[in-house]
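Contents: one structure, followed by commentary.
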Amino acid sequence: MKASILRFVLKRIALGLLTLFVVSLLIFAVTQALPADPAEAILGREATPEALAELRAEFGLDKPIVAQYTNWLTGVLSGDLGTSYATSTPIGEYIGPRVSASFFLLLIAAVGSIPLSIVIGANAALRRDHKFDTTSSLVSLILAAMPEFVVGTILTIIFSTTIWQLLPAVTYLEVGAPPWSDVKGLTLPVLTLLISVTPYVSRVMRAAMVEVLESDYIEMARLKGMNERTVLWRHAMPNAVGPAFQVIALNLAYLAGGVIIVERLFNFPGIGSALADAVRSRDLPVIQFLALIIAGVYVLTNLLADVGTVLVTPRLRTRLK
Amino acid sequence: MSSASGLRIIDLRLNVAATGNDIVDGVNLTIKKGRVLGLVGESGSGKTTVGLAVLSHARRGVEVAHGQIFCGDTEVLGLDAEAKRKIRGELVSYVPQDPASSLNPALRIGLQLIEVLEAHDFGGSHEARKARIKEMMTEVLLPGDDEYLERYPHQLSGGQQQRVGLAMAFACRPSVIVLDEPTTGLDVSTQEHVLKTIRQLTRDHGVAALYITHDLAVIADLADDVAVMYSGRVVEQGEVAEIFKNPAHPYTRHLVAAAPDIAGKKAIIGLAGRAQSPGKRPVGCAFAPRCELVEDACRVEFPAMVSVSTRHDAACIKATQVASVIVSSAKPESTRKIGEPVIEVSAVSAGYSGDTVVHDVSLTIRKGECLALVGESGSGKTTVSRAIGGLHREWTGSIRLNGRELKTMARQRAVADRLAIQYVFQNPYGSLNPRRTVGDSIVRPLVIDGKSKDDARRAVLEVLDKVSLPGSYANKYPDQLSGGERQRIAIARALVSEPEVLVCDEVTSALDVLVQAAIVDLLSDLRRQLGLAMLFVTHNLPLVRSIADEVAVMSEGRIVEVGPSESVIGNPQQQYTQSLILATPSIERSMR
């Protein structure tokens with residue numbers, strides 16, 4: 001039983017790695033094979049052909065594309081991520097702290113939004129068509145319809161500029177400093193992410209819960225004298241979270257991309273702002289690595305969701321061999 | 001009140017909460033301890049609503065208007081929420097219709113059993129509760145060891161799931177139990193075991209049992225008393241033998257006449273019309289619009305219960321005369337012309353992704369003949385019929401239509417061959433496109449065939465007439481029709497391409513008995529008039545006697561017995577057939 005689950009997880013991890021490999025091919029093809037010339041981007045239009053050729057040789061851009069890819073891949077696999085073109089610093093040093101800052105942001109948003117959406121969704125389903133349900137449905141629909149930058153801007157207007165001056169409109173976080181050292185600066189970005197994910201997930205949770213609450217086994221649980229708490233937590237919840245896991249995973253993965261805009265908005269020193277800078281300066285090694293990281297988040301969250309769904313669904317779990 | 005009375009329902013009425021229209025009204029029932037009362041009626045008659053009210057539960061949108069229900073000495077409808085929770089499972093328990101969907105798929109059965117005991121503080125200690133569960137599992141003939149209790153519902157068969165449901169219901173030693181069609185969907189041999197267990201447990205523990213079903217034969221077999229519901233009212237009640245031998249309400253009389261019986265050849269008779277939903281029911285007796293004995297007084301107010309004999313009441317102003325007036329006689333038995341073989345199946349084996357589930361099946365269906373293919377679920381009968389219809393991919397052997405070899409799949413077959421074999425599906429709710437008028441659905445094969453619009457329209461009216469529906473039905477959508485009407489449309493759709501062979505796959509199993517009888521009657525007429533060869537796939541053995549000339553009994557993918565239906569059902573030669581027939585409940589056998 002336990003071994004079968006382990007085997008399933010290992011198989012999914014192998015599949016995830018394969019996905020990442022394919023993604024790395026695509027990323028490399030799209031960034032490196034494009035005609036845009038990083039050397040020209042760095043040296044400007046006035047640069048002499050000799051200077052350009054010298055820089056290209058330094059970056060290894062004069063080698064055949066396949067060699068460039070294998071160089072890059074072996075580098076990534078051995079921990080040597082290369083050097084940023086724009087800042088001339090090693091990528092590990094340049095990106096590392098930003099990645100951990102962004103992950104911290106993501107983690108707080110996830111830890112906050114998952115239980116929040118489950119509670120809101122479950123309560124809306126329990127009080128179907130009553131005040132809590134209609135209000136939360138309306139509010140979540142409005143919030144879900146707004147893009148993150150609008151939510152972020154409105155929050156800024158309310159909490160830091162026009163109405164109250166409680167919180168800073170931008171994060172003053174030194175690169176490399178732990179993100180929790182600026183709690184005030186962290187509040188608005190986290191809140192923005194929370195508001196952009198929670199409505200959607202809670203609606204999905206509500207739908208899953210409504211379906212479960214209408215089922216025969218819930219009626220049966222009530223008819224054999226279970227109290228409402230047991231009905232909700234023991235009988236309904238395990239059957240409702242399975243489908244919700246998939247949606248939560250997709251949303252977290254989406255956050256990894258959505259975080260770019262939010263970080264930009266609040267000047268948060270994470271992967272989002274690093275990626276935006278790198279794109280502007282055609283800093284290929286940075287773009288490639290960040291794209292790989294975001295793809296990794298997608299693969300990881302989906303893997304967690306699939307494993308989670310299997311773990312809470314006996315019918316799927318017992319089918320594993 | 002006397003201690004002999006287990007359950008008393010007094011003047012119960014439940015409404016549709018939104019409109020105040022009655023779903024059930026004026027229900028009075030008494031069940032003594034240790035006795036089983038069968039509550040019969042067609043779908044929508046309100047039997048489940050009454051059953052749930054006994055547990056002081058009303059589904060979404062339903063409310064108790066008035067009435068009292070005593071379980072033992074406790075009136076349950078007036079209890080507050082916490083008190084209701086306490087009596088459920090302890091004083092009165094419930095066995096649901098579909099065990100597969102009523103057991104929580106995410107929880108182990110051991111937990112689902114023990115939590116009932118915990119919720120009612122039964123047994124005092126965890127050990128005592130575990131011991132009680134073991135005891136219950138033994139009583140319902142299941143292993144009670146820890147390995148078994150750690151299984152999830154999907155790891156049990158349907159019959160085992162229903163026994164777990166029974167163990168759960170009897171666990172706290174309730175004095176009243178409501179069983180809502182607990183054997184519908186189970187195979188007859190499984191049903192026999194479950195019924196035996198129910199009978200044993202109710203007798204041994206002195207439980208008053210309300211057994212809800214649409215199957216009269218099960219009632220005859222199991223119950224002591226019976227109450228018949230129609231349109232939310234109890235129209236007749238009394239001792240089982242009394243009511244089956246001498247039904248005093250015209251509706252009951254029709255029900256009994258429409259029920260096929262394994263123990264005797266009987267032409268089953270249907271009845272036109274249908275019961276109306278709450279809010280549309282007529283004033284007075286709801287059965288009046290369908291009743292042959294109707295007179296003006298019937299339409300004024302609901303007739304009072306009159307005593308027919310000491311243990312038998314009926315709500316009909318002509319209760320004492322009914323027996324002499326309605327004579328349920330069948331149409332004269334016509335001679336059927338059976339002709340040349342139309343379908344010849346020889347040595348067909350079929351399977352799913354490599355697993356063979358049908359082994360070496362050979363059958364012949366002649367012109368004008370109805371062959372019934374019977375068997376329990378999983379016996380392979382539907383797979384055979386799908387192979388004939390060209391709906392199954394994996395089969396070997398030979399199927400010939402009028403001597404011509406047929407290709408495997410319908411789409412490889414010639415147009416004429418495709419039109420010649422038509423399929424009618426089990427579920428009339430799923431087999432008609434809800435976004436098309438029934439006329440459009442019927443005309444579809446003709447359009448594909450390239451007929452002109454006028455020709456097609458004429459053909460639609462013609463087939464609607466054949467299935468006894470007015471031409472105006474062509475413009476209706478499926479959701480405007482009743483189950484029986486939909487099945488007629490499905491048959492019309494099959495008939496429009498003028499087939500030689502009609503494959504009917506469990507076509508009556510979703511229908512009530514009166515509707516079933518009418519559909520069977522229609523199919524017999526069509527077979528006679530059009531000389532159709534018919535393959536009638538069913539798990540319903542009693543029905544075979546009423547419709548089929550020949551019967552083939554399947555078990556585990558093989559045909560175990562084949563022959564004229566009269567001799568196979570009346571005098572089976574194979575042990576498997578014998579055991580099937582013995583396990584099938586029968587009114588006639590029970591009344592002997």
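Out of all the residues in the stretch B:106-117, which are within 7 Å of chain A (Cβ to nearest Cβ) and either of a type in the set (D, E, K, R) or touching a Phe, Trp or Tyr at 6+ places or on another chain (Cβ under 7 Å) (or both)?
Hit for the stretch B:106-117 is B:Glu115, nothing else.
Scan the stretch A:208-218 for residues that are free of Cβ contacts under 8 Å to residues at least 60 places away in the same chain and either more than 30 Å from A:Asn251 (Cβ to Cβ) or of a type in the set (Gly, Ala, Ser) (or both) and jot them down.
If the condition is that a residue be free of Cβ contacts under 8 Å to residues at least 60 places away in the same chain and either more than 30 Å from A:Asn251 (Cβ to Cβ) or of a type in the set (Gly, Ala, Ser) (or both), then A:Ser215, A:Asp216 are the ones that fit.
Looking at the stretch B:59-68, is at least one residue at pLDDT below 95, surrounded by fewer than 19 Cβ atoms within 10 Å (Cβ to Cβ) and facing chain A (nearest Cβ under 9 Å)?
Within the stretch B:59-68 (the criterion being at pLDDT below 95, surrounded by fewer than 19 Cβ atoms within 10 Å (Cβ to Cβ) and facing chain A (nearest Cβ under 9 Å)), the answer is yes, since at least one residue qualifies.
Within the stretch A:145-182, work out how many residues are among the β-branched types (Val, Ile, Thr) and over 24 Å from A:Pro199 (Cα atoms).
Matching residues across the stretch A:145-182 total 6.
For the stretch B:1-14, give me each residue that is more than 17 Å from B:Pro303 (Cα to Cα), at pLDDT 95 or above and not charged (D, E, K, R).
Across the stretch B:1-14, the qualifying residues are B:Leu7, B:Ile9, B:Ile10, B:Leu14.
Has the stretch B:225-243 got at least one residue that is under 19 Å from the mean Cα position of the chain (by Cα) and open to solvent by 10 Å² or more (accessible area, probe 1.4 Å)?
For the stretch B:225-243, residues under 19 Å from the mean Cα position of the chain (by Cα) and open to solvent by 10 Å² or more (accessible area, probe 1.4 Å): absent.
Just checking, how many residues over the stretch B:276-289 are out of contact with any Lys or Arg (no Cβ under 7 Å at 6 or more places or on another chain) and under 17 Å from B:Ser43 (Cα atoms)?
Matching residues across the stretch B:276-289 total 7.
Provide a single number: the residues in the stretch A:1-28 that are assigned to a helix (DSSP H, G or I) and over 18 Å from A:Leu77 (Cα atoms).
Residues flagged as assigned to a helix (DSSP H, G or I) and over 18 Å from A:Leu77 (Cα atoms) within the stretch A:1-28 amount to 11.
I'd like the full set of residues that are more than 19 Å from A:Met226 (Cβ to Cβ) and either polar (S, T, N, Q) or touching a His at 6+ places or on another chain (Cβ under 9 Å) (or both), limited to the stretch B:162-181.
Once the filter is applied, which keeps residues that are more than 19 Å from A:Met226 (Cβ to Cβ) and either polar (S, T, N, Q) or touching a His at 6+ places or on another chain (Cβ under 9 Å) (or both), the stretch B:162-181 yields B:Gln162, B:Arg163, B:Ser175, B:Glu181.
Just give me the residues in the stretch B:6-26 being open to solvent by less than 10 Å² (accessible area, probe 1.4 Å) and either within 20 Å of B:Ser93 (Cβ to Cβ) or not in a strand (DSSP E or B) (or both), in sequence order.
B:Gly6, B:Leu7, B:Ile9, B:Leu12
For the stretch B:83-98, which positions are open to solvent by 10 Å² or more (accessible area, probe 1.4 Å) and either in a loop (DSSP other than H, G, I, E, B) or more than 8 Å from every other protein chain (Cβ to nearest Cβ) (or both)?
B:Ala83, B:Lys84, B:Glu90, B:Leu91, B:Pro96, B:Gln97, B:Asp98
Could you please find all residues in the stretch B:563-584 being in contact (Cβ under 8 Å) with a residue 60 or more places away in the chain and in contact with an Asp or Glu (Cβ under 7 Å, 6 or more places away or on another chain)?
Answer for the stretch B:563-584, where residues must be in contact (Cβ under 8 Å) with a residue 60 or more places away in the chain and in contact with an Asp or Glu (Cβ under 7 Å, 6 or more places away or on another chain): B:Ser565, B:Ala583.
Given the condition of a type outside the set (A, V, I, L, M, F, W, C) and touching a Pro at 6+ places or on another chain (Cβ under 9 Å), answer yes or no: does some residue in the stretch A:121-131 qualify?
no
Only residues in the stretch B:139-168 that are more than 14 Å from chain A (Cβ to nearest Cβ) count as the first member; pair them with residues that are open to solvent by less than 10 Å² (accessible area, probe 1.4 Å) and assigned to a loop (DSSP other than H, G, I, E, B), Cβ under 8 angstrom, at least 6 apart or cross-chain, and list the lot.
B:Arg163/B:Val140
Just for the stretch B:169-184: of the residues that are under 19 Å from B:Pro585 (Cα atoms) and more than 13 Å from every other protein chain (Cβ to nearest Cβ), which one is farthest from the chain's Cα centre (by Cα)?
B:Thr183
Any chance the stretch B:435-449 includes a residue that's open to solvent by less than 70 Å² (accessible area, probe 1.4 Å), within 26 Å of the chain's Cα centre (by Cα) and over 23 Å from B:Val537 (Cα atoms)?
Yes, the stretch B:435-449 contains at least one residue that is open to solvent by less than 70 Å² (accessible area, probe 1.4 Å), within 26 Å of the chain's Cα centre (by Cα) and over 23 Å from B:Val537 (Cα atoms).
Taking the stretch A:18-39 on its own, how many of its residues are open to solvent by 50 Å² or more (accessible area, probe 1.4 Å) and in contact (Cβ under 8 Å) with a residue 12 or more places away in the chain?
So the count comes out to 4.
Can you name every residue in the stretch A:143-171 that is in a helix (DSSP H, G or I) and either touching a strand residue (DSSP E or B) at 6+ places or on another chain (Cβ under 9 Å) or in contact (Cβ under 8 Å) with a residue 24 or more places away in the chain (or both)?
A:Leu143, A:Ala144, A:Glu148, A:Phe149, A:Val151, A:Gly152, A:Thr153, A:Leu155, A:Thr156, A:Phe159
Looking only at the stretch A:58-81, how many residues end up being in contact with a strand residue (DSSP E or B) (Cβ under 9 Å, 6 or more places away or on another chain) and either among the aromatic types (Phe, Trp, Tyr) or open to solvent by less than 30 Å² (accessible area, probe 1.4 Å) (or both)?
Of the residues in the stretch A:58-81, 1 are in contact with a strand residue (DSSP E or B) (Cβ under 9 Å, 6 or more places away or on another chain) and either among the aromatic types (Phe, Trp, Tyr) or open to solvent by less than 30 Å² (accessible area, probe 1.4 Å) (or both).
Are there any pairs with C-beta distances below 6 angstrom linking a residue in the stretch A:219-245 that is at the interface with chain B (Cβ under 9 Å from one of its Cβ atoms) to a residue that is polar (S, T, N, Q), with the two at least 6 apart or on different chains, and if so which?
A:Met220/B:Ser102; A:His235/B:Asn104; A:Gly242/A:Thr309; A:Gly242/A:Thr313
Name the strands (runs of 3 or more DSSP E) wholly within the stretch B:485-592 that hold at least 2 residues that are within 16 Å of the chain's Cα centre (by Cα)?
B:533-538
Look through A:Leu25, A:Leu77 and report the one residue that is under 21 Å from A:Tyr298 (Cβ atoms) and under 22 Å from the mean Cα position of the chain (by Cα).
Residue meeting the stated conditions: A:Leu25.
Of the residues that make up the stretch B:368-383, is at least one at pLDDT 90 or above and either open to solvent by 60 Å² or more (accessible area, probe 1.4 Å) or farther than 30 Å from B:Gln578 by Cβ (or both)?
No, every residue in the stretch B:368-383 fails to be at pLDDT 90 or above and either open to solvent by 60 Å² or more (accessible area, probe 1.4 Å) or farther than 30 Å from B:Gln578 by Cβ (or both).
Look through the stretch A:182-229, keep the residues that are open to solvent by 30 Å² or more (accessible area, probe 1.4 Å) and β-branched (Val, Ile, Thr), and return whichever of them is farthest from B:Met168 (Cα to Cα).
Among residues in the stretch A:182-229 that are open to solvent by 30 Å² or more (accessible area, probe 1.4 Å) and β-branched (Val, Ile, Thr), the one farthest from B:Met168 (Cα to Cα) is A:Val183.
Just the residues that are among the basic types (Lys, Arg) and within 18 Å of A:Leu250 (Cα to Cα), please, taken from the stretch A:174-205.
Within the stretch A:174-205, A:Arg203 is the sole residue that qualifies.
The values are calculated or read from the model by the stated rules, or taken from the named source; none is laboratory data. Computed from a predicted structure; not experimentally measured. Positions of Cβ are generated from backbone atoms using ideal geometry, with glycine treated the same way; all protein chains shown enter the neighbour counts. When the accessible area is computed, the model is the full protein with side chains, heavy atoms only, and any ligands, DNA or RNA have been set aside. Shrake-Rupley method; radii C 1.70, N 1.55, O 1.52, S 1.80 Å.
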